[in-house]
Amino acid sequence: MLNFTEMYTREQASQLRQTFWTTFGQYIAPQPSAEGLKINWSNYKTGIKDVFFRMHADKKTAFIAIELTQSDPEIQELFFEQFLELKAYLHDILGEEWEWSLHTSDEYGRTVSRIYKEIAPVNIFNKDDWPQLISFFKPRIIALDEFWSDAKYSFESLK
């Protein structure tokens with residue numbers, strides 16, 4: 001199997017990654033948010049500090065996640081518990097079960113909590129995988145937005 005990243009310089013790999021996210025952004029741009037607004041899907045803003053919807057792809061896997069990055073582990077756990085209260089609703093809107101991980105590490109060694117769905121093998125550097133990646137991300141980010149349009153109010157007291 002070819003290792004696509006070894007075929008590219010760091011700049012080329014960065015450019016290809018950027019091209020993928022631009023392509024994804026253009027593909028999903030016509031889709032309004034659950035509230036009928038224009039939205040930047042690739043850089044989704046939850047409106048709550050340290051709560052992110054992340055989409056990530058590399059040379060082996062891709063994932064979409066709700067990521068909690070509060071620096072205080074106890075506060076992070078409170079947010080995680082609030083998401084747990086909404087787990088059935090979230091899974092109902094997503095139409096699938098996701099993984100739940102309290103206090104794991106991100107690629108920078110920071111403690112984060114994640115609710116996520118992953119696929120493998122996929123390679124962002126292989127353009128043949130882009131349709132599969134787009135088909136993976138698009139319905140899930142739209143479903144997360146639908147979930148968040150109702151659920152965000154449950155987090156007001158934690159702000």
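The values are calculated or read from the model by the stated rules, or taken from the named source; none is laboratory data. Everything numeric here is computed off the predicted structure, so don't read it as measured data. Because the Cβ atoms are built from the backbone with ideal geometry, glycine has one as well, and the counts that use them run over all protein chains shown.
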>> If a residue must be of a type in the set (D, E, K, R), under 16 Å from residue 139 (Cα atoms) and assigned to a helix (DSSP H, G or I), how many such residues does the range 60-101 contain?
In response: 1
> Which condition number in (1) assigned to a loop (DSSP other than H, G, I, E, B); (2) closer than 14 Å to residue 151 by Cα is the one that residue 31 fails?
Replying inline: (2)
>> What are the pairs with Cβ atoms under 8 angstrom where one residue, in the range 1-24, is at pLDDT below 90 and the other, located anywhere, is charged (D, E, K, R)? Sequence gap at least six, or different chains.
In response: 3/59; 4/59; 5/59
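Given 74, 35, 97, 85, which one is under 16 Å from the mean Cα position of the chain (by Cα), among the acidic types (Asp, Glu) and either under 30 Å from residue 156 (Cα atoms) or surrounded by 12 or more Cβ atoms within 10 Å (Cβ to Cβ) (or both)?
From the options 74, 35, 97, 85, the qualifying one is 97.
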